[in-house]
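Asker: What follows is a single structure, and I will ask about it in a moment.
Bear in mind that the values in this text are calculations on the coordinates, not laboratory data. Just so we're clear, the structure is a prediction, and the values are computed from it rather than from any experiment. Cβ placement follows ideal geometry from the backbone for every residue including glycine, while neighbour counts extend to all protein chains displayed.
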Amino acid sequence: MANAPRIRLACGDDTEALRALYRAAVLTTAAPFYTAAQIAAWAGFADDAAAFTAWIEAASTWVAADAAHDIVGFTGLASDTPPGHGHLTALYVAPSAMRRGLGTRLLDVVIDAAAANGRSVLTTHASAVSRPLFERAGFRLVEVQRSPHGGVEFVRWWMRREG
């Protein structure tokens, strides 16, 4: 991939860019799959700076930065999982960088990091948007869940990958 974004660990200075990317990704990708109320609730999480920052900091978070050093994607691996297990907390790509393999690259970084730390079982709560990407990476459906978020109900796919 020519001029492929560089992937690095996030730092505190990245939080505002991550909030903007998160909001833009949700608003752009969710429309075919979710209602306007669901999209507003999902994207609205970025408005709570303290909660969003805590979510990012509760995980090992990697960002993808382009040649101009703009963040174009991020992913997270929870820090508080049982031995041998890992939980992917996030996988978002900027609308300008979608459909170029960046989501797969970010997912590979998390899978490799988990393996390097002895975490052979990975789980995630996939959205309708991300579920196909996780399936291509070997994640399998464990359970379809319904959960409230921001006053509306969401369907999400609890997925697991071993190995």
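Asker: Against the condition surrounded by 15 or more Cβ atoms within 10 Å (Cβ to Cβ) and within 16 Å of Ala90 (Cα to Cα), how does Arg131 come out, does it pass? Walk me through it before giving the result.
Answerer: Working: surrounded by 15 or more Cβ atoms within 10 Å (Cβ to Cβ): yes; within 16 Å of Ala90 (Cα to Cα): yes.
Yes.
Asker: Another one. For region 83-129, which residues satisfy the criterion of being within 17 Å of Arg8 (Cα to Cα) and of a type in the set (Gly, Ala, Ser)?
Answerer: Ala90, Ala94, Ala97, Gly101, Gly103, Ala113, Ala114, Ala116 - these are the residues of region 83-129 that are within 17 Å of Arg8 (Cα to Cα) and of a type in the set (Gly, Ala, Ser).
Asker: So for region 89-99 (the condition being closer than 21 Å to Pro32 by Cα, within 15 Å of the chain's Cα centre (by Cα) and among the polar types (S, T, N, Q)), does at least one residue qualify?
Answerer: Within region 89-99, none of the residues are closer than 21 Å to Pro32 by Cα, within 15 Å of the chain's Cα centre (by Cα) and among the polar types (S, T, N, Q).
Asker: Which numbered condition in (1) crowded, with 20+ Cβ neighbours inside 10 Å; (2) closer than 23 Å to Ala40 by Cα is the only one that Leu106 fails?
Answerer: Just one mismatch for Leu106, condition (2).
Asker: Kindly check whether there is at least one residue in region 53-67 that is within 17 Å of Gly150 (Cα to Cα) and touching a residue at least 40 places away in the same chain (Cβ under 8 Å).
Answerer: The answer is no; no qualifying residue exists.
Asker: Could you pull out the residue among Val152, Val110, Val142 that is β-branched (Val, Ile, Thr) and under 22 Å from Thr28 (Cα atoms)?
Answerer: On the way: Val110 fails: under 22 Å from Thr28 (Cα atoms); Val142 fails: under 22 Å from Thr28 (Cα atoms).
Answer to the selection: Val152.
Asker: Kindly check whether there is at least one residue in region 29-46 that is of a type in the set (Phe, Trp, Tyr) and surrounded by fewer than 20 Cβ atoms within 10 Å (Cβ to Cβ). Break it down into steps so the answer makes sense when it comes.
Answerer: Step one: of region 29-46, the residues of a type in the set (Phe, Trp, Tyr) are 33-34, 42, 45.
From the residues that got through so far, the ones that are surrounded by fewer than 20 Cβ atoms within 10 Å (Cβ to Cβ) too are 33, 45.
Yes; the residues of region 29-46 include at least one that is of a type in the set (Phe, Trp, Tyr) and surrounded by fewer than 20 Cβ atoms within 10 Å (Cβ to Cβ).
Asker: Look at region 80-97 and say how many of its residues are of a type outside the set (Ser, Thr, Tyr) and surrounded by 15 or more Cβ atoms within 10 Å (Cβ to Cβ).
Answerer: Here is the first cut: in region 80-97, the ones of a type outside the set (Ser, Thr, Tyr) are 80, 82-88, 90-91, 93-95, 97.
After this cut, where a residue has to be surrounded by 15 or more Cβ atoms within 10 Å (Cβ to Cβ) as well, the list is 85-88, 90-91, 93-94, 97.
Residues meeting the conditions: 9.
Asker: From the set of residues in region 143-156 that are among the aliphatic types (A, V, I, L, M) and either surrounded by 12 or more Cβ atoms within 10 Å (Cβ to Cβ) or under 13 Å from the mean Cα position of the chain (by Cα) (or both), which is farthest from Leu91 (Cα to Cα)?
Answerer: Filtering region 143-156 for residues among the aliphatic types (A, V, I, L, M) gives 144, 152, 155.
Add one more test, that the residue is either surrounded by 12 or more Cβ atoms within 10 Å (Cβ to Cβ) or under 13 Å from the mean Cα position of the chain (by Cα) (or both), and what stays is 152, 155.
Working: Val152: 21, Val155: 17 Å.
Among residues in region 143-156 that are among the aliphatic types (A, V, I, L, M) and either surrounded by 12 or more Cβ atoms within 10 Å (Cβ to Cβ) or under 13 Å from the mean Cα position of the chain (by Cα) (or both), the one farthest from Leu91 (Cα to Cα) is Val152.
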